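A quick write-up on the structure given underneath.
The values are calculated or read from the model by the stated rules, or taken from the named source; none is laboratory data. For clarity, every value in this text was computed on a predicted model and none was experimentally measured. Note that we place each Cβ from the backbone using ideal geometry, even for glycine, and neighbour counts take in every protein chain shown.
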Amino acid sequence: MKYVIALAGNQNSGKTTLYNALTGSNQHVGNFPGVTIEKKEGLIKKHKEVSLVDLPGIYSLSPYTMEEVVTRDFILEEHPDVILNIVDGTNIERNLYLTLQLMELSTPMVIALNMMDEVESSGNSIDVNKLSKLLGIPVVPISASKEEGISELVDVIVKTAQEKEQPKKLDFCSGEVHKAIHSISHLIEDQAKKAGYPVRFAATKLVEGDEPTFEMLNITENQAHIIEHVVEEMERGLNTDREAALADMRYDYIGRICRDTVFKKQETKEQVRSEKIDRVLTNKYFGIPIFFGIMFFIFWVTFGVIGAPLQGLLEQLIGNFTDFIARLMITHDVSDWVYSLVINGVFAGVGSVLSFLPIIVILFFFLSLLEDSGYMARVAFLMDKLLRKIGLSGRSFVPMLVGFGCSVPAIMATRTLASERDRKMTIILTPFMSCSAKLPIYGMITATFFPDNAAVVMISLYILGIVVAILSGLLLKSTIFKGEPVPFVMELPAYRVPSRRSVLLHMWQKAKDFIQRAFTIIFIATIIIWFLQSFDWSLNMVADSSDSMLAAIGSVISPVFIPLGFNDWRASTALITGLTAKEAVVSTLSVLTGTSTDMQLSAVLNTIFTPLSAFSFLTFTLLYMPCVAAFAASRREFGSTKYAVLAAAYQTITAYIVGMIIYQIGILFV
Amino acid sequence: MTLDNVMPGQGGVISSIGGQGMLRRRLLDMGLTPNTKVRVRKVAPMGDPMELLLRNYVLTIRKEEASKIELKEVFNS
C-alpha cells in the first residue's frame with residue numbers, strides 16, 4: 001500500500017524544516033508542470049510506503065496566485081490520501097485561516113502544530129485536545145526545528161491515511177453566510193459530484209464568485225442567476241460584500257476557537273527579540289547601510305577570501321589530472337583528435353562546470369542563512385521602494401545583487417520569490433547585471449582603447465546594465481507581464497536561528513541541482529565548440545583554428561555586426577565561444593589573432609576596432625545572452641526550454657539594438 | 001482616516017477594506033478584516049512600505065495599499 005501525503009501551510013510556518021525532518025535528504029526536486037513553482041517529493045523516513053509532496057507556501061486558497069492554483073489543483077486532481085497542514089502555534093489565528101479552507105476539500109487531514117517549544121517556553125499554552133475536538137481533525141504538537149513530536153506525527157499521518165477519515169466538521173459558518181452556502185450546496189450538489197469537486201468547497205467558491213468553479217461545474221445561466229440572487233441577499237443581510245463576508249466568517253470562527261484553546265499571557269520571547277533586532281536592522285538610518293555591509297561581506301567571502309582560493313585549488317587539481325591523462329595518452333600514442341577531444345573538449349567542459357561550484361556552494365550557504373533567519377523579508381521591506389517602479393517588489397533585490405557576482409546562483413536564488421510573475425521577470429532581468437566573468441573582457445578592451453578613462457568606461461558599463469534592466473522591466477511590465485502584479489503584502493516572520501540541517505541541505509541541493517542540470521548542457525556546448533574549432537568542413541583536424549568551421553561560421557555572422565561598427569570574423573567567433581563562459585571571449589581573441597601577450601593582442605585589436613566600435617562591442621558582450629551555465633539555470637527555474645530560449649533571444653536582441661544605437665549615435669559625434 | 005496616514009506607534013480599528021480583485025482579497029486573507037485592531041510599528045527608511053502589527057503577527061504593506069484600509073478608531077498605544 002502506498003500513500004501520498006500533501007504538505008500544505010503558510011510561508012514561514014516551518015514547512016521546509018518539517019519537510020526536511022520527515023524525509024531527510026531523500027528528496028526529489030522538480031517543478032509543477034508548466035509553472036516555475038518548485039515541487040519536492042520524498043519518502044518519509046522509516047515509512048517508505050508513504051510519500052510526501054511539498055506544496056507551495058500559501059495563505060489562502062483564493063486562486064489569485066499560481067501558488068494557490070497549484071495547491072488547489074493538486075489536492076482536487078491528484079487526490080492525496082492525507083493533507084498534512086502545518087500551523088505555526090505562535091501565529092495560530094492567521095494560520096488557521098488556510099486550515100479552514102483546506103478542510104472544505106473533503107480530504108483526510110492532520111494538523112502539525114509547530115513551534116510549540118516557543119509557545120510553551122514563553123509561558124503560553126494551547127489546549128491541543130480541545131483544538132482537535134473543535135476542528136474535528138487530529139492535531140499533533142511538534143517542534144520541527146528541534147525535531148520534537150515528529151515520530152508521533154508520522155504515526156498519526158499513517159493512521160489517518162489508513163482510516164481515510166475526512167474532517168468531521170464543516171459548519172463553521174453562521175447566519176447569513178450559512179444560509180447562502182447551504183442553499184447553493186443543494187442547487188449544485190450533483191454537478192459538483194460529477195466534476196469531482198467537494199460540494200461544500202464548490203458552494204463556498206461560488207459564493208465568492210470564483211470563475212474557475214463556475215466553469216468546472218458547468219453552472220447554467222439560470223443557476224448563475226439564482227446564485228447571484230442568494231449572494232446578494234446575503235450581502236444585504238450582512239451589509240458587506242461577498243469576499244469580506246467569507247473572510248470575516250472564517251476569522252470570526254477562528255476567534256471563537258482560539259478563545260477556548262489558546263492561553264496567551266505574553267508575546268513569545270522570539271517576538272520580543274525580533275522587535276529588538278529590527279530596531280537595528282530596519283532602522284531608519286542604519287538599516288540600508290547595514291544591508292549593504294552584509295552583502296559586501298558575503299561577496300568578499302564568496303568571491304575573495306574562500307571562493308578564489310577554492311577555485312584555484314580546484315583548477316590546480318583538474319590541471320594536474322589533465323596533465324596526468326595527457327602524459328598517459330602521449331605514451332600510449334593516441335591519435336591527435338582523441339587527445340584534443342579529451343583535453344580540449346572533455347576536460348575543458350568538466351573544468352568549466354566545476355569552476356562554478358565553490359561560488360554556488362558558498363553563496364547559497366549565506367543566502368540560506370539570510371532566508372531562514374528571516375532577514376530576507378527585511379531586505380524586501382528595506383528595498384521595496386526602489387524596485388516597485390519596474391513592477392517588482394523588494395524581494396527581487398538580492399537575486400539581482402548576486403547577479404553582479406555570477407548570474408548562475410542569482411538565477412537559482414529566484415526560487416524563493418513569492419510570486420511566479422516576479423520570479424520570471426527577475427530571471428530575465430538579472431543577466432543584465434554585469435557578472436564578474438565579464439571583467440577580463442572589460443579589462444582587455446579598456447586597457448587597449450581607453451587607457452586613460454578605464455574606470456569611467458567600466459563604471460559606465462555597470463550603469464548601462466542597470467539602466468537596460470530598468471527599461472526592460474518597464475517594457476515587460478507593460479507587455480507580457482501586464483495585468484495586476486501580486487500585491488506586496490508580506491509577513492515579517494520572527495527572527496530565528498537557522499537550523500543546520502536546513503542550511504546544509506539547501507547548499508547540497510543547489511550544488512546537486514547545478515551539476516545535474518548544468519552538466520549536460522555545458523558539457524555538450526563545450527564539445528560542440530571544441531568540434532567546430534578543431535575541424536574544417538571536410539572533418540580534417542586543423543592546426544590553425546582560423547581554418548576551422550567555427551572561423552567560417554564567424555565569418556558568415558560577422559557582417560551582422562556592421563551596424564554596431566565591427567565586422568571581423570575573430571570578434572564574432574569570440575562572441576560565440578563566449579557562450580561557454582564569458583571570459584573565453586578574451587582567450588579566443590588571443591588564439592584567433594595568434595597573439596600570446598596582452599601587448600600583441602592590443603596591437604591587433606586596434607586593427608579590428610575603433611574606440612567607438614570597441615565600446616559597442618563591450619556593450620554587446622555586457623548585454624547579450626548569458627553563458628550556457630546561466631542559460632541552464634534559467635531553463636531549470638523557468639521549467640521550460642521555450643521560455644529560456646525566448647529570454648536569451650530577448651537579451652541578445654536588446655544587446656544588438658543598444659550596441660547599434662550607441663555606435664550610430666556615436667559616429668555622429670566622432 | 002485611512003491606515004496610510006497613521007503614524008508609527010499609533011493604531012486603530014478597521015472599519016472597511018476598499019480596493020478590489022486580488023489586492024483586496026489578499027488583504028482580507030491576511031486578516032485585515034473589519035473590526036480588527038492594527039498597530040503601525042514602523043515605516044521603511046525610504047518612507048514606504050509600512051510595518052504593521054495585527055492578530056499577533058507582523059505584516060508589511062505599501063502605503064498605496066494601506067490607503068484602501070479605512071479605520072474607525074485611532075489610538076496611541
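Scan the stretch A:362-385 and report the pairs whose first residue is β-branched (Val, Ile, Thr) and whose second residue is outside any helix (DSSP H, G or I), with Cβ atoms within less than 9 Å and a gap of 6+ or a chain change.
Taking only residues 6 or more apart or on different chains, the pairs are A:Ile362/A:Ile306.
For the stretch A:641-654, does any single residue satisfy the condition of being surrounded by 15 or more Cβ atoms within 10 Å (Cβ to Cβ), touching a Ser or Thr at 6+ places or on another chain (Cβ under 9 Å) and not in a helix (DSSP H, G or I)?
no
Does A:Lys477 qualify as being at pLDDT below 95, loosely packed, with under 14 Cβ neighbours inside 10 Å and among the charged types (D, E, K, R)?
Judged against the criteria, A:Lys477 is not a match.
Residues of the stretch A:299-327 being surrounded by 12 or more Cβ atoms within 10 Å (Cβ to Cβ), farther than 25 Å from A:Ser340 by Cβ and aliphatic (A, V, I, L, M), which ones?
A:Val301, A:Val305, A:Ile306, A:Ala308, A:Leu310, listed by residue number.
Any chance you could count how many residues in the stretch A:363-410 are within 11 Å of another protein chain (Cβ to nearest Cβ) and on the phi > 0 side of the Ramachandran plot?
Counting residues in the stretch A:363-410 that are within 11 Å of another protein chain (Cβ to nearest Cβ) and on the phi > 0 side of the Ramachandran plot gives 1.
Checking the condition farther than 24 Å from A:Leu623 by Cα and in contact (Cβ under 8 Å) with a residue 40 or more places away in the chain, which residue from A:Ser596, A:Ser538, A:Ser546, A:Ser602 passes?
After applying the criteria, what remains is A:Ser546.
Looking at B:Glu73, B:Glu65 in this structure, which one is farther than 22 Å from A:Tyr97 by Cβ and modelled with pLDDT under 95?
B:Glu73
Looking only at the stretch B:43-59, how many residues end up being of a type in the set (D, E, K, R) and either over 16 Å from A:Ser393 (Cβ atoms) or out of contact with any helix residue (DSSP H, G or I) (no Cβ under 9 Å at 6 or more places or on another chain) (or both)?
1
State whether one or more residues within the stretch A:315-324 are part of a helix (DSSP H, G or I) and in contact (Cβ under 8 Å) with a residue 60 or more places away in the chain.
no
If I filter the stretch A:174-181 for residues that are within 30 Å of A:Glu243 (Cα to Cα), in contact (Cβ under 8 Å) with a residue 40 or more places away in the chain and acidic (Asp, Glu), do I get at least one hit?
Among the residues of the stretch A:174-181, at least one is within 30 Å of A:Glu243 (Cα to Cα), in contact (Cβ under 8 Å) with a residue 40 or more places away in the chain and acidic (Asp, Glu), which makes the answer yes.
For a quick check of your reading: which helices (runs of 4 or more DSSP H) sit entirely within the stretch A:207-289 and have at least 1 residues that are touching a residue at least 12 places away in the same chain (Cβ under 8 Å), within 14 Å of chain B (Cβ to nearest Cβ) and over 17 Å from A:Glu93 (Cα atoms)?
A:221-238, A:242-261, A:269-281
Name the single residue that is farthest from A:Phe481 (Cα to Cα) among those in the stretch A:376-389 being buried (at least 21 other Cβ atoms within 10 Å of the Cβ) and not hydrophobic (A, V, I, L, M, F, W, C).
For the stretch A:376-389, the residue satisfying everything is A:Arg378.
Of the numbered conditions (1) away from chain B (no Cβ under 14 Å); (2) in a helix (DSSP H, G or I); (3) surrounded by 24 or more Cβ atoms within 10 Å (Cβ to Cβ), A:Ile86 fails exactly one; give the number of that condition.
A:Ile86 satisfies every listed condition except (2).
Give the stretch A:134-164 a look and list any residue that's among the hydrophobic types (A, V, I, L, M, F, W, C) and either farther than 23 Å from A:Leu100 by Cβ or touching a Lys or Arg at 6+ places or on another chain (Cβ under 7 Å) (or both), or say none.
Result: A:Leu135, A:Ile150, A:Val154, A:Val158.
In this structure, is A:Ser502 surrounded by 20 or more Cβ atoms within 10 Å (Cβ to Cβ) and at pLDDT 85 or above?
yes
Take the stretch B:18-63 and flag every residue that is assigned to a helix (DSSP H, G or I) and facing chain A (nearest Cβ under 9 Å).
B:Gly21, B:Met22, B:Leu23, B:Arg24, B:Arg25, B:Arg26, B:Leu27, B:Leu28, B:Asp29
Take the residues of the stretch A:1-56 that are part of a strand (DSSP E or B) and of a type in the set (D, E, K, R): which is surrounded by the most Cβ atoms within 10 Å (Cβ to Cβ)?
Only one residue fits best here, namely A:Asp54.
Identify, by number, the condition in (1) surrounded by fewer than 17 Cβ atoms within 10 Å (Cβ to Cβ); (2) in contact (Cβ under 8 Å) with a residue 60 or more places away in the chain; (3) assigned to a loop (DSSP other than H, G, I, E, B) that A:Gly483 doesn't meet.
Unmet condition: (2).
Can you name the residue in the stretch A:250-298 that is of a type in the set (Ser, Thr, Tyr), in contact with a helix residue (DSSP H, G or I) (Cβ under 8 Å, 6 or more places away or on another chain) and within 27 Å of A:Glu371 (Cα to Cα) and is also surrounded by the fewest Cβ atoms within 10 Å (Cβ to Cβ) among such residues?
Checked the stretch A:250-298; the qualifying residue surrounded by the fewest Cβ atoms within 10 Å (Cβ to Cβ) is A:Thr268.
Condition check: touching a helix residue (DSSP H, G or I) at 6+ places or on another chain (Cβ under 9 Å) and without any contact (Cβ under 8 Å) to a residue 12 or more places away in the chain. Does A:Gln651 satisfy that?
no
Tally the residues that are surrounded by fewer than 24 Cβ atoms within 10 Å (Cβ to Cβ), closer than 18 Å to A:Ile359 by Cα and over 11 Å from the mean Cα position of the chain (by Cα), restricting the search to the stretch A:390-432.
Qualifying residue count, the stretch A:390-432: 4.
Which ones in the stretch A:89-127 are farther than 22 Å from B:Met30 by Cβ, in contact (Cβ under 8 Å) with a residue 24 or more places away in the chain and assigned to a helix (DSSP H, G or I)?
A:Met116, A:Asp117, A:Ser121
Only one of A:Leu98, A:Leu113, A:Leu76, A:Leu102 is closer than 20 Å to B:Arg55 by Cα and under 26 Å from the mean Cα position of the chain (by Cα). Can you tell me which?
A:Leu98
What number goes with the only condition from (1) more than 9 Å from every other protein chain (Cβ to nearest Cβ); (2) within 22 Å of A:Glu270 (Cα to Cα); (3) in contact with a helix residue (DSSP H, G or I) (Cβ under 7 Å, 6 or more places away or on another chain); (4) not in a strand (DSSP E or B) that B:Pro8 does not pass?
Failing condition for B:Pro8: (3).
Could you please let me know if A:Phe450 is in contact (Cβ under 8 Å) with a residue 12 or more places away in the chain, surrounded by 14 or more Cβ atoms within 10 Å (Cβ to Cβ) and farther than 25 Å from A:Glu637 by Cβ?
Judged against the criteria, A:Phe450 is a match.
Residues of the stretch A:188-206 being touching a Leu at 6+ places or on another chain (Cβ under 9 Å) and either in contact (Cβ under 8 Å) with a residue 60 or more places away in the chain or surrounded by fewer than 20 Cβ atoms within 10 Å (Cβ to Cβ) (or both), which ones?
Selection gives A:Gln191, A:Lys194, A:Ala195, A:Gly196, A:Tyr197, A:Pro198, A:Arg200, A:Phe201, A:Thr204.
Only one residue in A:Ser546, A:Ser596 is hydroxyl-bearing (Ser, Thr, Tyr) and either assigned to a loop (DSSP other than H, G, I, E, B) or surrounded by fewer than 17 Cβ atoms within 10 Å (Cβ to Cβ) (or both), so which one is that?
Of A:Ser546, A:Ser596, the one residue that is hydroxyl-bearing (Ser, Thr, Tyr) and either assigned to a loop (DSSP other than H, G, I, E, B) or surrounded by fewer than 17 Cβ atoms within 10 Å (Cβ to Cβ) (or both) is A:Ser596.
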